[in-house]
Every structure is written in structure tokens, then in C-alpha cells.
Amino acid sequence: PALEDAQRLEIWTLTIERTMNKYYLTNRYKLLFGSIWISPLIIIIPLCILFYFSSPDNGMIIIFSIFVAGTILESIHRIYSEYITVSQDGIMYHSMYSTIKANWTNVETVKTGRWWLFKPQGLIVDNPEVKMRSFVSSASLRISRSFISSKRFIPLSCFSDNWHDSELGQQIKKYAPYLFDKRPSPLQRTSTNWGRDLSRRTPRWKMCKA
């Protein structure tokens, strides 16, 4: 019985460690991001009102209502399609069009990058796994791979206010502490350039003396 309890505890611990923590857009970015997709209504609604009063038609009201409701529902869908998951296996960024998955060994640094119309802080990852949604053609994936660098940007600050000190930041610090204490990333440690830079910074005679 004691052995079975230990095995159950080990399985439970592994399950907890591999559980993915999911983070959605903050309220501020939900509003900003949603406004991108709702903004066309600012022009369309006055035009429809003007058209209706110039020539009243009940059919136009129905079509107009369906269009407005569809636009609002689509914006909500897009808002909740944007989220990231964090686990010991790596970090995944989900959007409406694709999923970017990177192991912690492929995470290089923290940097400000481009996310839609905004510039949040996030992670630069090297050669992540990119999976397009089913409605996105494989041709578009090949084109993106041809013209886009192997490095990708995963936004963070739009998913958590003051993310460095938040639960999200603590999770990342747990799995990739080198991002916070200025240590080289695993990619840098394995690169020959980093080794050459280290040799230039530390004279050989001092290394031998040590």
C-alpha cells in the first residue's frame, strides 16, 4: 500500500507539473483588440441609418441587424482566440489563424515586438513549431516560412498586467530563469559565437591560472 501511494503521488506530481496554465488577453487589450474588428461599424452604422431614412425598408433593418450582430460576435470570437499556455514543455501562443509552440530551450530573450497594431513585451523564440488552422491553406504556410525569419515573437504583456511580477511571469521564471538574470540562453550557450565571445572576454592565461 505504501508503494502504491508513492506511485500515485508521483503520477499526480507529474500531472500537475505538466498542466498547462492558460492566459487570455487582459481587459484593456480585449477592449483595444476588439475595437479593431468593430471599428468598421463606426462608418457602416451611420450610412445604414441614412439609407433607411431616405428609403425605409423593413428588409434592410433585418439585414443591418444581422450584420451588426455578426460583426460583434466575430470580434468576441477573435478576442478569445488569442491566448497563451505555459507548461514545463514550453510556451504556446494561440491565435485565430495559427498556433506557435516553442520549447524553453528555443526561447532566446525578452523584447518589445509587433502584435497586430500594438507593441507589447514578449519572447523571441527560434525555430518554433507553427501549426496553421484548418481553414488556412498550406500554401500560405509555405509562403510565410519562405519570407518570414525563423525567429518568431510571442507577446506576453497583453496577457498579463505587469507580467514580470504576475503569475505568468513566475511561471516563465520557473522554466526559463535565464531570461530574468541576464544569463545566456541555452541557444547562446551551445553556439560557437558565444564561446568565442567568452574567450575574448576572459584572457587564456587567466583561464589557465584559474
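Would you mind stating whether Ser157 is open to solvent by less than 80 Å² (accessible area, probe 1.4 Å), among the polar types (S, T, N, Q) and either modelled with pLDDT of 95 or more or in a loop (DSSP other than H, G, I, E, B) (or both)?
Numbers: open to solvent by less than 80 Å² (accessible area, probe 1.4 Å): yes; among the polar types (S, T, N, Q): yes; either modelled with pLDDT of 95 or more or in a loop (DSSP other than H, G, I, E, B) (or both): yes.
In short, yes.
In the stretch 26-51, how many are assigned to a helix (DSSP H, G or I) and touching a residue at least 60 places away in the same chain (Cβ under 8 Å)? Lay out the reasoning, then the answer.
So in the stretch 26-51, the residues assigned to a helix (DSSP H, G or I) come out as 27-38, 40-51.
Next cut, touching a residue at least 60 places away in the same chain (Cβ under 8 Å) only: 28-29, 32-33, 36.
Qualifying residue count, the stretch 26-51: 5.
Out of the residues in the stretch 160-188 that are crowded, with 16+ Cβ neighbours inside 10 Å and outside any helix (DSSP H, G or I), which is modelled with the lowest pLDDT?
Ranking the qualifying residues of the stretch 160-188, first place goes to Ser185.
Let me confirm something: among Tyr80, Tyr93, which residue is assigned to a strand (DSSP E or B) and modelled with pLDDT of 90 or more?
Details: Tyr80 fails: assigned to a strand (DSSP E or B).
Of the residues listed, the single one that is assigned to a strand (DSSP E or B) and modelled with pLDDT of 90 or more is Tyr93.
So which residues in the stretch 57-98 are aliphatic (A, V, I, L, M), within 18 Å of Met132 (Cα to Cα) and crowded, with 17+ Cβ neighbours inside 10 Å? Spell out how you get there, then give the answer.
Just the residues of the stretch 57-98 that are aliphatic (A, V, I, L, M), to begin with: 60-63, 66, 68-69, 72-73, 76, 79, 84, 86, 91-92, 96.
Filter again for within 18 Å of Met132 (Cα to Cα), leaving 79, 84, 91-92, 96.
Once the filter is applied, which keeps residues that are aliphatic (A, V, I, L, M), within 18 Å of Met132 (Cα to Cα) and crowded, with 17+ Cβ neighbours inside 10 Å, the stretch 57-98 yields Ile79, Ile84, Ile91, Met92.
Being open to solvent by 50 Å² or more (accessible area, probe 1.4 Å) and either more than 30 Å from Tyr24 (Cβ to Cβ) or at pLDDT 55 or above (or both): is that true of Ser146 here?
Numbers: open to solvent by 50 Å² or more (accessible area, probe 1.4 Å): yes; either more than 30 Å from Tyr24 (Cβ to Cβ) or at pLDDT 55 or above (or both): yes.
Against the criterion (open to solvent by 50 Å² or more (accessible area, probe 1.4 Å) and either more than 30 Å from Tyr24 (Cβ to Cβ) or at pLDDT 55 or above (or both)), Ser146 qualifies.
Quick one: count up the residues across the stretch 99-131 that are open to solvent by 20 Å² or more (accessible area, probe 1.4 Å) and assigned to a loop (DSSP other than H, G, I, E, B).
Adding up the residues that qualify gives 7.
Which condition breaks for Thr15 when tested against (1) at pLDDT below 65; (2) open to solvent by less than 60 Å² (accessible area, probe 1.4 Å)?
Thr15 satisfies every listed condition except (2).
The values are calculated or read from the model by the stated rules, or taken from the named source; none is laboratory data. Quick caveat, the model's predicted, so the values are computed rather than measured. As a convention, Cβ positions derive from the backbone with ideal geometry for all residues, glycine included, and neighbour counts pool all protein chains shown. SASA here: full protein model, heavy atoms, side chains in, ligands and nucleic acids out. Shrake-Rupley method; radii C 1.70, N 1.55, O 1.52, S 1.80 Å.
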